[in-house]
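Structure, as structure tokens:
The numbers here are math on the coordinates, done by the rules we state, and not lab data. For clarity, every value in this text was computed on a predicted model and none was experimentally measured. Don't worry about glycine lacking a Cβ; one is built from the backbone with ideal geometry, like all the others, and counts go over all protein chains shown.
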Amino acid sequence: MPSVSRAVSRPVLRRSLALLAGSALAAPLFLTAPAVAAADPYTVTALKVTVQGGERRCTVDADVYRPAGVDAAHPAPAVLTTNGFGGSKKDGSTDGLAKALAARGYVALAYSGLGFGKTGCPISLDDPGIDGRAASGLVDLLAGARTADDGTRLDYIAKDGVRDPRVGMIGGSYGGAIQLATAAVDHRVDALVPLITWNDLSYSLDPNNAGRTHGVTGPLPGAYKWQWTNGFFLIGEAQGLLHPQLDPSRTGGSGCLHFVARACETKRLLDSDKYPAQKTDAVLRYARSVSPVSYLPSVQAPTLLVQGQNDSLFNLNEATATYRTLAAQGTPVKMIWQAWGHSGGMKKPVQGELNLAQGNLDTSYVGRRVLAWFDRYLRRRTATGTGPAFAYHRDWVTAGSAYATSPAFPAGGTRRLYLSGDGKLVGHRSEVTRGSRAYRNLRMATSHSESSLAGLLGLPDVAPYDARGSYLDWTSQPVSGGPVDVVGAPRVTLKVTSPQAERAQRSADAADKLVLFAKLYDVAPDGRKTLVHRLVAPARVPDVTRRFTVELPGIVHRYEPGHRLRFVIAASDDAYVGNRGVKPVTVTSTPGDTGVLELPVTQGVLR
């Protein structure tokens, strides 16, 4: 992306704001704050706190919610919460959480993250060395070890030591990753509840679901998620229009108005559709350095992960990677897969789900789990049960609890289906028919999964589609003998033939390697098909001369009796940047050598 002056960029940003301002990007949970009761059981005090954020001094805009009856003689634990990307301390979600927690006896400190609201310094993507260090300065404030800029000292926070306050953190999306970043640099943080956040930004913005070597990704960049990335970039750059009297420290670098220079350089590389090895390695290292994948070994705070099933930005695989890392190193961790995420226009969570703006902690499954988590780790009530290791929302349940639980993750077992040469998914290798089928990509996208920003903005979207000749599909027999529940991330192992891709991959530019998109449909008895949560798995194939495995996004989905499962690989998807050049692909199947689809199933049998 070329450098732009402030004068040139502002008209573009104004046009973008007509659609984006006030969206879930500006308040990622897309919720409306409830009215404040006339006699709230807490007081709210606005504070300015200047802290160190990397090499800069950043003035943070914060509100302290102090429960009635809490004072130096009767201290209470504290909870830090901050906004999602583009928001501020006054977002419905941030403010709503603070009110709900203060009403339950916690001191809540809600603040606008660096680069947002009236807080200074440029946007630095929840960098632990910048945003994490700044949040650590707020922990000092809660400890009474420093004062706010006006001299206010908080002397009513419960403590574990002289400079060690009893403090937890909660928040969603951008307000989720900051918790892990803070806990990595400040071990005084006692409990975390990150919602719908990322594990590795290099995967979130440029996902490659093939060749995974650690976490959610591997050494190759993937397919640029241009719609999501451009939406966030516009919101970040538009901060000057949203807040005309910005602190001068908010100015970014390297051609960006409000992002740190390295974030701007990353965006420029993604826009270029070129992945030269040395430059790409540097960008991947940067994206991962501001991601939990790089600093989770330093996180010791007990963590309750909450991730959304309806989320094509930060999918369930990201929370799974974080969960596995924390569990393997002995950090107390549990995970919930709730219904709502960044996708699907979640203006109003489904009935019974956590609604952060409403603060329905007592009346939602996830909310009760959050309260139990803080009760156990902030109030030190060791007898409090914090729930099972893994819980997941089932959207097909209409009566009773929609959540199922498991004492371990993953839940259930694995079922294998084989890709037959006649386009069928079969249960045994002996049923595979010999055959070859082919597709080709065009120089334009011919498949559609979603318009990423439509869900956030509450706009209609066309149904998913794949143009004839640009994809291959394999379909199972109708489900019989009871429903089939898929809970987890399906995997497919493939071998393809593509002479054009084989020649192109000899280039030093990774962008020349073959890209394909794997996905699962549910086909009803009347032929109507549903792309499960509109999720796809972009894959940049490491080497088309070898077999490779693609891990699809995690799902929780029931295939009802009479329905069929359809697996598709497509040449393109209009929410992503795909192949450079035309690369026809052939898939050949024989009983001894065919693709294998592995499904994580908790009940039922597919044939």
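Cα gyration tensor of the stretch 413-603, axes a ≥ b ≥ c as square roots of the eigenvalues: rounded (a/c below 1.5), prolate (a/b > b/c) or oblate?
It is oblate, given that a/c is not under 1.5 and a/b is not larger than b/c.
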Show the residues, 5+ positions off or on another chain, whose built amide H is closer than 5 Å to the amide H of residue 42. 68
Here are some pairs, 90/334; 225/529; 274/513; which of them have Cα atoms lying more than 20 Å apart in this structure? 90/334; 225/529
Does anyone have the angle between helix 133-143 and the longest principal axis of the chain? Alpha-carbon axes, 0 to 90°, nearest 10? 40
Please figure out what share of the DSSP beta bridges in the chain is antiparallel and state it in percent, rounded to the nearest 5. 70
Listed by chain and number, the residues whose amide H is under 5 Å from that of residue 360, excluding neighbours fewer than 5 places away on the same chain and using placed H, are 355
Assuming R0 = 22 Å, what is the FRET efficiency of residue 431 and residue 493, from their Cβ-Cβ distance, to the nearest 0.05? 0.80
How large is the direction-averaged shadow of the alpha-carbon convex hull of the stretch 141-274, in nm²? 11.1
Starting at the first residue of the stretch 388-404, write each ³J(HN,Hα) from the Karplus equation 6.51 cos²θ - 1.76 cosθ + 1.60 with θ = phi - 60°, in whole Hz, x for Gly and Pro. x, 4, 9, 9, 8, 7, 10, 6, 8, 8, 10, 10, x, 6, 7, 9, 9
Computed helical MRE - 222 nm, the chain, DSSP H runs ≥ 4 contributing -39500 (n - 2.57), nearest 500: -6500 deg cm²/dmol
Quick one: what are the phi-derived ³J(HN,Hα) couplings along the stretch 173-187, Karplus 6.51/-1.76/1.60 with θ = phi - 60°, whole Hz, x for glycine and proline? 6, 4, x, x, 5, 4, 5, 5, 4, 5, 5, 5, 9, 9, 7
Given a Förster distance of 45 angstrom, what is the FRET efficiency for residue 502 paired with residue 368, based on the Cβ-Cβ distance and rounded to 0.05? 0.25
Grab the beta carbon distance between residue 44 and residue 245, set R0 = 30 Å, and tell me the FRET efficiency rounded to 0.05. 0.85
List residues of the stretch 565-607, by number, whose backbone nitrogen lies under 18 Å from a label position 7 Å along Cα→C-beta of residue 422. 565-567, 588-595, 607
Starting at the first residue of the stretch 585-595, write each ³J(HN,Hα) from the Karplus equation 6.51 cos²θ - 1.76 cosθ + 1.60 with θ = phi - 60°, in whole Hz, x for Gly and Pro. 10, 10, 10, 10, 10, 9, x, x, 8, 8, x
Mean Cβ neighbour count within 10 Å, used as a protection proxy, ranking 384-393, 430-439 highest first: 384-393, 430-439
Rg ratio (alpha-carbon, reference 2.2 N^0.38 Å) - the chain: 0.97
Using +1 at the C-beta of Lys and Arg and -1 at the C-beta of Asp and Glu, which of 536, 549, 384 has the Cα lying farthest in the positive direction of the dipole of the chain? 549
Of the peptides 77-84, 205-212, how do they stack up when ordered by the mean number of other Cβ atoms within 10 Å, highest first? 77-84, 205-212
Can you give the extra length, in nm with one decimal, that the chain gains between residue 480 and residue 145 once fully stretched, where that is 0.36 nm per residue apart less the Cα-Cα distance? 114.1 nm
Roughly how many whole Å is it from the C-alpha centroid of the stretch 483-552 to that of the stretch 255-317? 22
Check: C-alpha center the stretch 558-607 vs C-alpha center the stretch 126-155, spacing in Å is 50
Assuming a ≥ b ≥ c are the square roots of the Cα gyration tensor eigenvalues, decide whether the stretch 275-325 counts as rounded (a/c under 1.5), prolate (otherwise, with a/b larger than b/c) or oblate. oblate
Rounded, prolate or oblate: which fits the stretch 399-526 when a ≥ b ≥ c are the square roots of the eigenvalues of the alpha-carbon gyration tensor, with rounded for a/c under 1.5 and prolate only if a/b beats b/c? oblate
Tell me which residues come under 5 Å, amide H to amide H, from residue 252 once H is placed; ignore anything under 5 positions away on its chain. 258, 259
